[in-house]
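See structure below.
The values are calculated or read from the model by the stated rules, or taken from the named source; none is laboratory data. Just so we're clear, the structure is a prediction, and the values are computed from it rather than from any experiment. No Cβ is skipped: glycine too gets one built from the backbone with ideal geometry, and neighbour counts run over all protein chains shown.
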Amino acid sequence: MQVLERTPKVETKLPAVGTTIFTVMSQLAAEKAAVNLGQGFPDFHCDPALVDAVTQAMQAGHNQYPPMAGLPVLRNAIATKIEALHARQYSANDEITITAGATQGIITAVLAVVRPGDEVIVLEPCYDSYVPNIELAGGTPVRVPLTPHTFRPDFDKISAAITPRTRAILINSPHNPSATVWSEAEMLRLQDILAPTEILLISDEVYEHMVFDGQQHQSAARFAGLAARAFIVSSFGKTYHVTGWKVGYVAAPASLSAEFRKVHQFNVFTVNTPVQHALAAYMSQPAPYLELPAFYQRKRDLFLDGLRKTRLKPLHTQGSYFQCVDISEVSDLSEADFCQWLTSEIGVAAITLSAFYGSGFDQRVVRFCFAKKMKRCNWLWRVWPSCEALFLS
C-alpha cells in the first residue's frame, strides 16, 4: 500500500508572531554588507582571560552536568555581588538559579507563575520576547505605554491597568529599546502601587552595569517590598561581552525560586558547565563590571559627538548600549522605511522603535547600538552629510 507523505496541520500557538525585526534587519545588513548598528551585540572580543578560564575548566575535566540550579561557586559569587551592590542578601542555595541566558530566565519565570486567564502588564515599547512568553503560558498581555519620547513610566496608567486578574508586571531598566533608567522615586512608586496586591514582579535587569552620568542602577533588589515579590533577571552575556554564551541568572525569594526551578529543570535542566566555572573564577575580581559604566559611557559620548554633526535629534541615553534618535527633521519616511533606506543605500543598519509596540506605533524614532568598535560608528558620521543632503534636497 502506498503511504502518502503528509505533515499534519498544526494550529499555531503564536499566530501574530513572525520573524523578529532583529533577524530581518541583520539579514538585510548582511545582504547589503552594511555596518550593523541595529542588533544589540558587541563586535569586539571579550577579555582573553575569560576565554582562558573556559579552556582551563574544560581541560580540568569540568565537562559533565552541573547541578540543576547551577554551580554553587557561581551562585555564591552572584549572591556576594548582589549584596555588595544592593545590600540585599540572597541564599545561593535556594534563591539564585543559573539560566541559559536572560531570555530563558524570563520565559521560565512567566511559565512558573502565569496561568490561563491571568493578566500580565507589559510596558511598551518592550523587548519582543515578553508578549509571546505570556501568551505561551496562556496569559493575557496588558500593554501599557511608556510616555512617548521620554519613555518614563506613567503610574496612573499602570494603576488603571491593574485588575483582579493581574498576576504580574514585567519591567526593564536600563530599558531596551529607549535607554532610559528608572529612578529611585519611580521604583518606590511602583512599590507603593504593588504593596496592597498579590502581583508578582519580573524585573529584567540585563543592562544593570551600564548606567551613566554617575547614576546608580536601581535594582528591584534594593527595595524590600519589590524584592519580596520579584524575579530579578540578569545576563553575563551583556556584562562580559559574550552574548553568544547565553548564560544568565535569576534571583528570587525561596518560594518563588522553588516554582521557577520546577519549570527550569524541564525546559533546559542546566547550563554549560565549563562556562559556569569560568564565570565564577572571573567574578572573583569585580573590576570588569564595576568599570563597565565608564567603558560604555565613553562609547556613548563618542557616538553623541557624531550625532551633533547631524540634524538627527538624540534622545537622552541614561543606560544600556543603545542610542535612540528622532528622525523627523531629516526625513518624512516612516521608521521602517527610514531603516530600510539607511541599510540599503547608506550601508548602516538601525532598528525601528515601532517594532517594540504591539500596535506598531510610529513616533519617528529609531535605535542604534553603540556596542561596536568606534571606527564603525564614526564611519556613519563621515558619510552622513551626504545622507542629509539626499533627504533635504
Handout entry: From Ala258, Ala168, residue being aliphatic (A, V, I, L, M) and surrounded by fewer than 17 Cβ atoms within 10 Å (Cβ to Cβ)
Key = Ala258
Exercise for the section: Mind telling me which of the residues His209, His149, His175 ends up being assigned by TED's automatic domain parsing to the domain that holds Ile134, in contact with a Pro (Cβ under 8 Å, 6 or more places away or on another chain) and either modelled with pLDDT under 95 or not in a helix (DSSP H, G or I) (or both)? Expected result: His209
Exercise for the section: Look through Ala350, Ala371, Ala336 and report the one residue that is at pLDDT below 95 and either outside the structural domain of Glu31 (by TED's automatic domain parsing) or touching a Cys at 6+ places or on another chain (Cβ under 9 Å) (or both). Expected result: Ala350
Exercise for the section: For the range 242-254, name all the residues that are over 13 Å from Tyr90 (Cβ atoms) and surrounded by fewer than 16 Cβ atoms within 10 Å (Cβ to Cβ). Expected result: Gly244
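Could you check the range 228-241 and list, in sequence order, the residues that are under 24 Å from Ile193 (Cβ atoms) and surrounded by fewer than 23 Cβ atoms within 10 Å (Cβ to Cβ)? Even if it seems obvious, please write down each step before you answer.
Residues of the range 228-241 that are under 24 Å from Ile193 (Cβ atoms), as a first pass: 228-234.
Ala228, Arg229, listed by residue number.
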Fill in the blank from the handout: All-but-one check, Gly18 against (1) in a loop (DSSP other than H, G, I, E, B); (2) within 21 Å of the chain's Cα centre (by Cα); (3) closer than 30 Å to Met374 by Cβ, failing number (3)
Exercise for the section: Restricting attention to the range 301-335, report how many residues are surrounded by 17 or more Cβ atoms within 10 Å (Cβ to Cβ), part of a helix (DSSP H, G or I) and out of contact with any Phe, Trp or Tyr (no Cβ under 8 Å at 6 or more places or on another chain). Expected result: 1
Exercise for the section: Determine if the range 134-141 includes at least one residue that is surrounded by fewer than 20 Cβ atoms within 10 Å (Cβ to Cβ), under 23 Å from Leu315 (Cα atoms) and touching a residue at least 24 places away in the same chain (Cβ under 8 Å). Expected result: no
